[in-house]
1. Going through the range 143-171 one residue at a time, which ones are within 19 Å of residue 129 (Cβ to Cβ) and over 19 Å from the mean Cα position of the chain (by Cα)?
2. Spot the failing condition for residue 127; the list is (1) crowded, with 17+ Cβ neighbours inside 10 Å; (2) outside any helix (DSSP H, G or I), and only one is missed.
3. Residue 196 versus (1) touching a Leu at 6+ places or on another chain (Cβ under 7 Å); (2) not in a loop (DSSP other than H, G, I, E, B): which is the lone unmet condition?
4. Looking at 40, 58, 64, 68, can you tell me which residue is surrounded by 13 or more Cβ atoms within 10 Å (Cβ to Cβ), at pLDDT 95 or above and either within 27 Å of residue 136 (Cβ to Cβ) or touching a Pro at 6+ places or on another chain (Cβ under 8 Å) (or both)?
5. Report yes if some residue within the range 172-183 is of a type outside the set (A, V, I, L, M, F, W, C), on the phi > 0 side of the Ramachandran plot and not in a loop (DSSP other than H, G, I, E, B); otherwise report no.
6. For the range 213-230, how many residues meet the condition of being crowded, with 22+ Cβ neighbours inside 10 Å and either closer than 15 Å to residue 133 by Cβ or not β-branched (Val, Ile, Thr) (or both)?
7. Take the residues of the range 43-93 that are in contact with a strand residue (DSSP E or B) (Cβ under 9 Å, 6 or more places away or on another chain), touching a residue at least 40 places away in the same chain (Cβ under 8 Å) and in a helix (DSSP H, G or I): which is nearest to residue 216 (Cα to Cα)?
8. Looking only at residues in the range 231-253 that are over 15 Å from the mean Cα position of the chain (by Cα) and within 13 Å of residue 30 (Cα to Cα), which one is surrounded by the fewest Cβ atoms within 10 Å (Cβ to Cβ)?
Amino acid sequence: MNSPVEFRDRALMIVDSRLPRMARRQPRYAVSDWKLVVQRLGGALGCDLETALNETERIDLESRLYRRMESLPSEAPFGAFHNGDLALARLCYALVRVLEPECVMETGVCYGVTTAFTLAALTRNRKGSLHSIDLPPLGRDGDQFVGWAIPDDLLKKRWQLHRGTSRKILPTLLERIETLRLFVHDSLHTYANMRMEFELIWPILRPGGVLISDDIQGNTAFLELTERKDVAFHAVVRELEKESLLGVLVKTT
């Protein structure tokens, strides 16, 4: 880390992550069954998510990624727990398939599990691009491992990786994007960072667009977003491989 700007950004992240949590109420979510959420979300969007989830391409990719992660070098710079959960990855795949967005945006990449599912769905759609924002955890050769799990055949056309914090990158990036149909938060899971991302994204999220947030259990940022009047649907599910909660909502049409 030779850049003074990056040093400042990382220092701000550390301060943000260590701010006392006692000043804010802890969220209490009604957690729903995964299958029920898939059905209800599909109904809210007027589409069939279950068929997309059962596509051969999604199932095959999951197997490929498992094999890839099993070969992760022992000297890899950060833990695999930073990856998105399979519930998040599968939901991203299905939503990209049915929404057919021209542009998807995510914050947080790590080894690229969720990124790979999104790119696979865009490739299957034969249109659309993914903007990913990531400042990898500190570790030797960390930059070289960002997106490490993504198959080479998915890297060629539809992915743009922006290195840095979402606080730094998002405002400039959003100036180039008029509207957005799908946004995925999986970066720093603090109240300040999550709320900042949500407030920047919400005005350009098109009616009927979807916002997904990983790891919502630690603060009220997602809960506060669900209380907006222009939210048509929201749900919370427990993740498949982590003791974490995943939130999804649809903006009113």
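1. 152, 153, 156, 157
2. (1)
3. Unmet condition: (1).
4. One residue alone meets the criteria, 58.
5. Scanning the range 172-183 turns up no residue that is of a type outside the set (A, V, I, L, M, F, W, C), on the phi > 0 side of the Ramachandran plot and not in a loop (DSSP other than H, G, I, E, B).
6. 5
7. Only one residue fits best here, namely 88.
8. Filtering the range 231-253 for residues that are over 15 Å from the mean Cα position of the chain (by Cα) and within 13 Å of residue 30 (Cα to Cα), the one surrounded by the fewest Cβ atoms within 10 Å (Cβ to Cβ) comes out as 238.
The values are calculated or read from the model by the stated rules, or taken from the named source; none is laboratory data. It should be emphasised that the depicted structure is a prediction, and the values quoted were computed from it without experimental measurement. Glycine also receives a Cβ, built like all others from the backbone with ideal geometry; neighbour counts cover every protein chain displayed.
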